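The values are calculated or read from the model by the stated rules, or taken from the named source; none is laboratory data. As the structure is a computational prediction, the values presented were derived from the model and not from experiment. So basically every Cβ, Gly included, is an ideal-geometry build from the backbone, and we count neighbours across all protein chains shown. Protein only, heavy atoms only, side chains kept; ligands, DNA and RNA dropped before computing areas. Shrake-Rupley method; radii C 1.70, N 1.55, O 1.52, S 1.80 Å.
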Amino acid sequence: MSKNIVLIYGPQGSGKSTQAKQLAEYLGYKFISSGQTLRELKDAKNPIEERLSSYWIKGDLVPDDLIEEILFPIIEKSDTPGFVIDGYPRTPSQLNSFLSFINMNDFTLDRAVYLDVSQEECLKRLKIRADIENRLDETDEAITTRIIIYFEKTQPLLNVYKNMNILEDIDGERTIEEIQADIRSRFQLTSE
Ligand code: AMP
């Protein structure tokens, strides 16, 4: 079955998970967060746990093969017309494997939504979140590393999406409702 893929981007703390979940509900697609999927494996006391912790303590990305082995089967097997994916692909090499995977399966990369939020605002929000949640990768050092990795490795992917004509650039410094309304306005549902 052909599936539509929507990717969501923005720095850590940009609110992309919240927006992605609401968008998935609107489109009738399944929401997948690579980070959340990994965190669930860790909570399940999987043998993978030690490997994950060693990357998270530093704020590093986990290796491509690990994330792909986990995500690709979920995408292949789920019975849904599409996905809103948060957190993958995150590097040029991940994007290359993802594009091959999409082609092989005859899926469509429909849109990449980018939530534009300043680095300063993200850091402010992450510090608040770190006080509430107790994540290994939300110490000050790990947060800083993750933000640096985001701007160095992930943000450049937006140029690729721009050239593919699938990039939706959204002002992410507004209320949750305003942002969601803006995102939804970029998607024409065929039933409407
Ligand atoms: P996130 O919640 O998306 O910020 O992800 C939390 C952590 O999970 C990241 O800092 C990485 O260690 C790992 N992770 C999530 N997605 C990926 C990915 N696509 N590639 C590598 N590591 C990832």
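When you go through Arg125, Arg184 one by one, which is the residue that is within 15 Å of the ligand (Cβ to nearest atom), part of a helix (DSSP H, G or I) and on the phi < 0 side of the Ramachandran plot? Outline the logic, then answer.
Details: Arg184 fails: within 15 Å of the ligand (Cβ to nearest atom).
The match here is Arg125.
Residues being surrounded by 13 or more Cβ atoms within 10 Å (Cβ to Cβ) and either more than 16 Å from the chain's Cα centre (by Cα) or free of Cβ contacts under 8 Å to residues at least 12 places away in the same chain (or both): count how many of those fall in the stretch 144-154.
Number satisfying all stated conditions: 2.
Going through Arg111, Arg90 one at a time, which residue ends up being within 14 Å of the ligand (Cβ to nearest atom) and under 18 Å from the mean Cα position of the chain (by Cα)?
Details: Arg111 fails: within 14 Å of the ligand (Cβ to nearest atom).
Result of the check over Arg111, Arg90: Arg90.
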- Query: Is it the case that Ile148 is at pLDDT 90 or above, over 19 Å from Thr18 (Cα atoms) and not small (Gly, Ala, Ser)?
  - Reply: no
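Looking only at the stretch 63-87, filter to residues that are near the ligand (Cβ under 7 Å from one of its atoms) and open to solvent by less than 20 Å² (accessible area, probe 1.4 Å); which one of those is farthest from Gly15 (Cα to Cα)?
Kept after step one, since they are near the ligand (Cβ under 7 Å from one of its atoms), are these residues of the stretch 63-87: 64, 67, 86-87.
Retained after the next criterion (residues that are open to solvent by less than 20 Å² (accessible area, probe 1.4 Å)): 67, 86-87.
Values: Ile67: 22, Asp86: 11, Gly87: 12 Å.
My answer is Ile67.
Matching residues to (1) more than 19 Å from Glu168 (Cα to Cα); (2) assigned to a helix (DSSP H, G or I):
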| position | (1), (2) |
| --- | --- |
| Leu7 | no, no |
| Gln19 | no, yes |
| Leu23 | no, yes |
| Glu50 | yes, yes |
| Tyr55 | yes, yes |
| Leu61 | yes, no |
| Glu68 | yes, yes |
| Thr80 | yes, no |
| Arg111 | no, no |
- Message: Among (1) modelled with pLDDT of 95 or more; (2) crowded, with 17+ Cβ neighbours inside 10 Å, there is one condition Ser100 misses while meeting the rest; what is its number?
- Response: (2)
